[in-house]
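Derivation of every value follows stated rules applied to the coordinates shown; laboratory data play no part. Note that this is a predicted model, so its numbers are computed, not measured. We place every Cβ from the backbone using ideal geometry, glycine too, and count neighbours over all the protein chains shown.
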Amino acid sequence: MAVEIRFFMSADDERDLLRRLEPLRLELWPVFSDPGYAAPLVGAGTQLVDPGYYLAAGDVSGYPVRRGKERGKWKIDEVASPVIFFLRSLPDEDGELRSGCFWAETEAAGDNARIGGKPVVFLRVVRDLQEAIKSRYRKSSPVRGLTYFIGPACARAGLPLREEGRKGERVRAYR
């Protein structure tokens, strides 16, 4: 079963979240990496440049990309590996903040008795991340049945918020 947390985060919210994740000793992997890449640990001083990353809580497995402009690089197998996909919330060309999300596959498909499930450490990290977001972030008013979590610094700044995607709707804080 996959866990998805949709959110809006400003740069201050991202720094605060990375500071809170530092004791968990997660590795920060880019979506595409060169062979032999050594991932740094997540910390308060981590610089985020790309729109998406993987937060790894253990050994990751990947596969080489064979086609496209990223040919020759490696991509993480997000279903088999204990990783959380982190799509950042970034401003668009109109100055509106677009939504981001955390996505994690918590149950491996197939025969769990033979291949084993996800590590307990990974499941604890996912649970801690969910609790950190739900306890500190404000909820949005529902948009097409979805609720977003809005970071405290983002809510204080009063930035215009919009769903990710071509036809993303405006989002407002609930309270």
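Measure nothing fancy, just the Cα-based angle from helix 120-136's long axis to the longest principal axis of the chain, in degrees from 0 to 90, nearest 10. Approximately 0 degrees, to the nearest 10.
Summing Lys and Arg as +1 and Asp and Glu as -1 over all other residues whose Cβ lies under 12 Å from the Cβ of Arg20 gives a net charge of -3. Ordering Lys118, Lys75 by the number of other Cβ atoms within 10 Å of each residue's own Cβ, fewest first, gives Lys75, Lys118. Other residues with beta-carbon under 14 Å from the beta-carbon of Ser61 carry, at +1 per Lys or Arg and -1 per Asp or Glu, a net charge of -3. Of Gly151, Gly72, Gly165, which has the largest mean-square fluctuation in a 10 Å C-alpha GNM of the chain? Highest fluctuation of the listed residues: Gly165. For Ser61, enumerate residues with amide H under 5 Å from its amide H, sequence gap 5+ or separate chain, H modeled in the peptide plane. Close amide H contacts, sequence-distant or interchain: Asp77, Ser81. Residue-wise HN-Hα couplings along the range 9-17, as the Karplus relation 6.51 cos²θ - 1.76 cosθ + 1.60 with θ = phi - 60° gives them from phi, are 9, 7, 4, 5, 5, 4, 4, 5, 5 Hz; Gly and Pro carry x.
Given only helices, namely DSSP H runs of n ≥ 4 each adding -39500 (n - 2.57), what is the per-residue ellipticity at 222 nm of the chain, to the nearest 500 deg cm²/dmol? Don't jump to the answer; show the numbers that get you there.
Values: 4 runs with 38 residues, N = 175.
Rounded to the nearest 500, it is -6500 deg cm²/dmol.
Count the net charge of all other residues whose Cβ sits under 12 Å from the Cβ of Trp74, scoring Lys and Arg as +1 and Asp and Glu as -1. Charge balance in the 12 Å sphere: +1. Expressed as a rounded percentage, what relative contact order does the chain have, with Cα pairs under 8 Å and six or more residues apart? For the chain, the relative contact order is 25 percent.
The order of the peptides 78-86, 139-147 by mean Cβ neighbours within 10 Å, most packed first, is 78-86, 139-147. With the convex hull of its Cα atoms as the shape, the range 2-171 has an orientation-averaged projected area of 11.2 nm². Annotation for the range 1-72: GluC sites (Glu not before Pro) lying in DSSP loop with at most 16 further Cβ atoms inside 10 Å of their Cβ are Glu70.
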